1. Which is open to solvent by less than 80 Å² (accessible area, probe 1.4 Å) and modelled with pLDDT of 70 or more, of D35, D51, D28, D3?
2. Looking at (1) under 22 Å from the mean Cα position of the chain (by Cα); (2) open to solvent by 60 Å² or more (accessible area, probe 1.4 Å), can you tell me which one G91 breaks?
3. Scanning the stretch 98-117 for residues that are open to solvent by less than 40 Å² (accessible area, probe 1.4 Å) and of a type in the set (G, A, S), which turns out nearest to L71 (Cα to Cα)?
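The values are calculated or read from the model by the stated rules, or taken from the named source; none is laboratory data. Predicted, not measured: the structure shown is a model, and the values here were computed from it. Surface areas here come from the heavy atoms of the whole protein model, side chains and all, with no ligands, DNA or RNA. Shrake-Rupley method; radii C 1.70, N 1.55, O 1.52, S 1.80 Å.
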Amino acid sequence: LFDPSTGETRTMRSKEDAMDYRYFPDPDLLPLEFDQAFVDAIKATLPELPDQKKKRYVETLGLSPYDATILVAEKSTGDFYEQVISKVKDGKLAANWIISELFGRLGKAGLEIEQSPVDAKKMIGLLSLIEDNTISGKIAKD
């Protein structure tokens, strides 16, 4: 408590040693025990977690850990990339275009991926044209 007449602060009570601040277990709570079948059933319903997705991108698609980290940073980005690579053969090409070109232009426009005028279907179409050498990367950028 601060005393303005003396300019001193005095302690009113101590919490560290007080009995009402000590920890004690609640005797009414029963321990939770789950059998392995239940744990396995719950685990099977979980979606692929970001770290697992990142590892898959690096190991199976050949992405750099940095690119994989960017693509799994947000769920919407990961979902967009997953849609694109479901139809595009070159996952690295898709990652480069999404990270460099799409994110660069969205950043300049102040938009998020959910607000992008280029949806996954359009990106798939563009990347398919690049993959089969119908158009070059420069023409695709234009």
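1. So the residue among D35, D51, D28, D3 that is open to solvent by less than 80 Å² (accessible area, probe 1.4 Å) and modelled with pLDDT of 70 or more is D3.
2. (2)
3. Among them, the one singled out is G104.
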